[in-house]
Amino acid sequence: MKLAHSTLVLVVLALVLATAADAQQQGACPNGIRNRRSFRSLSDAERKAYGEAIKAMKASGAMDKMTRKHREGMEYHGTVWFLPMHRALLWEFENELIKASKGALTALPYWDELADSRNPTASSVFSSAGLGQLVAGPLRAPFVGLTDDSNQQVTREPRRNANAGFTWIPQSQVLARGLSQFTSFGDMSRTIEASPHNQYHMLIGGHMGDPNISPADPIFWLHHNFVDLLWAAWQAVRPQNAEDLSTRTSQGQAKLASTDRVVLYTDKFTNLDMLRYRTRLCYTYDQVSTSTGGSASRLRARQAVGANDTTAVTDPINAPVPDVRDITSLLKLANFTDAEWGKIMPKVPIADIRQVEAGINAVIDALNQAIASKSVDPKTLPIVDDLVANINVAAKSQTDDFKDSAIPEVQAAASGKKSAASTSVAGGSAAVVVGAVAMLAAIAQWV
């Protein structure tokens with residue numbers, strides 16, 4: 001009986017400790033963790049809800065407010081603040097979007113761009129049932145008549161894909177290799193800001209081609225959400241990446257510290273809040289998962305639309321979906337002009353941009369050489385989906401001490417004090433502890 005008593009005591013204590021730990025984690029996320037999903041994975045009702053929420057945000061002034069806030073951060077484009085600043089902007093926009101959707105949406109979706117890299121202009125995202133057809137001129141349905149914060153109609157001016165043998169956007173295999181090789185935050189940030197981030201802005205054109213007004217196009221937020229996913233994927237490539245902010249100060253990059261306040265949000269966030277996005281900003285991605293089962297196959301079912309051609313697709317919602325892995329070689333990057341790069345990245349020397357392009361093309365050359373020598377099967381090369389579908393994220397193993405934060409809920413969790421947001425959770429933990437004590441007393445009498 002003593003052994004049984006001891007075992008029961010240990011079980012109850014374990015449950016108490018586990019519940020208390022969960023309560024502490026939930027204290028920073030009283031409403032749980034948001035799951036950001038690919039736009040293609042949304043139901044028809046959810047896609048429609050995104051369009052309706054955008055129109056509601058425009059009517060309330062929230063869209064114009066976000067455009068202006070992004071404009072205030074123009075000086076931080078082309079710097080190491082680019083990713084932390086946009087992660088904070090996405091968090092604010094997501095909150096506005098969910099509120100405007102009246103519960104129809106639970107998180108900000110993203111455009112799974114590399115799945116469309118073979119012909120991005122023919123993506124099924126650009127449809128009347130999605131984000132509007134990608135054609136020159138003012139936005140089409142569902143955003144007919146949408147205007148920017150200067151009351152000018154939001155427009156697009158798309159570029160068609162490059163000639164055979166070239167592509168505007170690096171293929172998924174190329175970016176997966178790059179993300180696996182970057183050993184510093186600074187290198188990773190500089191590269192993905194230029195490619196694929198800026199390339200997609202120039203490819204869509206119109207408002208998206210001008211960073212001062214680009215947030216007025218509803219595709220902007222899905223595009224940047226995917227760029228943020230790439231940062232999250234890099235954080236999970238190896239353990240040391242998770243909270244890495246190392247930069248190339250010898251090459252002019254500023255030095256970042258985890259305790260620094262995030263630009264535009266100095267009253268709200270520290271860099272550490274951005275790095276620990278899951279436990280502090282309370283979101284994750286459906287690709288970023290601790291589970292290794294099912295995710296990759298689910299993503300490959302939503303692969304690239306069309307082949308590399310110049311055919312204009314009017315409404316590709318039902319376009320065929322070939323496998324992005326079905327390649328025999330990788331395409332070199334087609335060059336945008338200096339003037340095009342200068343418009344989208346006015347603060348960055350053209351020489352630096354060309355260096356990024358050269359680095360990406362070097363990765364392409366190395367992979368093509370490996371394919372030509374038959375040392376690798378091109379159809380088995382890792383793609384970005386593999387990095388994110390199989391990452392060993394810290395969701396199960398990492399803990400957060402909630403220190404060095406500017407978020408009130410996180411500060412409350414760190415100090416152990418009850419905040420308004422976490423009162424119900426903390427109260428639940430106290431009830432469990434009281435219940436456990438009563439249970440132990442009953443067990444003691446029973447045995």
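Listed values, structure above:
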item: Selection from the stretch 86-104 of residues that are open to solvent by less than 10 Å² (accessible area, probe 1.4 Å) and of a type in the set (K, R); result: R87
item: Output for the stretch 123-169, where each listed residue is more than 25 Å from L42 (Cα to Cα) and among the aromatic types (F, W, Y); result: F166, W168
item: Enumeration of residues in the stretch 201-244 that are assigned to a loop (DSSP other than H, G, I, E, B), farther than 19 Å from M345 by Cα and either hydrophobic (A, V, I, L, M, F, W, C) or touching a helix residue (DSSP H, G or I) at 6+ places or on another chain (Cβ under 6 Å) (or both); result: P218, A236, V237, A242, E243, D244
item: Residues of the stretch 301-340 satisfying the condition of being modelled with pLDDT of 90 or more, under 25 Å from S124 (Cα atoms) and not in a loop (DSSP other than H, G, I, E, B); result: K332, L333
item: Subset tally (residues that are assigned to a loop (DSSP other than H, G, I, E, B), farther than 19 Å from T328 by Cβ and modelled with pLDDT of 80 or more) for the stretch 160-179; result: 1
item: Boolean, F143 is open to solvent by less than 10 Å² (accessible area, probe 1.4 Å) and over 23 Å from the mean Cα position of the chain (by Cα); result: yes
item: Hey, S258 free of Cβ contacts under 8 Å to residues at least 40 places away in the same chain, farther than 25 Å from V125 by Cβ and open to solvent by 10 Å² or more (accessible area, probe 1.4 Å) or not; result: no
item: Qualifying positions in the stretch 341-373 - open to solvent by less than 30 Å² (accessible area, probe 1.4 Å) and outside any helix (DSSP H, G or I); result: M345, V348
item: Whichever residue in the stretch 245-288 is under 15 Å from the mean Cα position of the chain (by Cα) and part of a loop (DSSP other than H, G, I, E, B) and, among such residues, is modelled with the lowest pLDDT; result: V288
item: Of all residues making up the stretch 58-85, the number that are open to solvent by 70 Å² or more (accessible area, probe 1.4 Å) and either outside any helix (DSSP H, G or I) or not hydrophobic (A, V, I, L, M, F, W, C) (or both); result: 6
item: Test for V125: is it in contact with a Leu (Cβ under 8 Å, 6 or more places away or on another chain), β-branched (V, I, T), closer than 27 Å to L281 by Cβ and in contact (Cβ under 8 Å) with a residue 24 or more places away in the chain; result: yes
item: Members of the stretch 403-425 found to be at pLDDT 50 or above and either of a type in the set (A, V, I, L, M, F, W, C) or not in a helix (DSSP H, G or I) (or both), listed by number; result: K403, D404, S405, A406, I407, V410, A412, A413, A414, G416
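Quick grid of which residues meet (1) at pLDDT below 60; (2) in a helix (DSSP H, G or I); (3) buried (at least 17 other Cβ atoms within 10 Å of the Cβ):
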| position | (1), (2), (3) |
| --- | --- |
| S6 | yes, yes, no |
| V9 | yes, yes, no |
| A14 | yes, yes, no |
| D22 | yes, yes, no |
| N31 | no, no, no |
| R40 | no, yes, yes |
| A53 | no, yes, yes |
| A56 | no, yes, yes |
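The values are calculated or read from the model by the stated rules, or taken from the named source; none is laboratory data. Bear in mind the structure is a predicted one, so any value in this text is a computation, not a measurement. Every residue, glycine as well, gets a Cβ built from its backbone with ideal geometry; the counts of neighbours run over all protein chains shown. Surface areas here come from the heavy atoms of the whole protein model, side chains and all, with no ligands, DNA or RNA. Shrake-Rupley method; radii C 1.70, N 1.55, O 1.52, S 1.80 Å.
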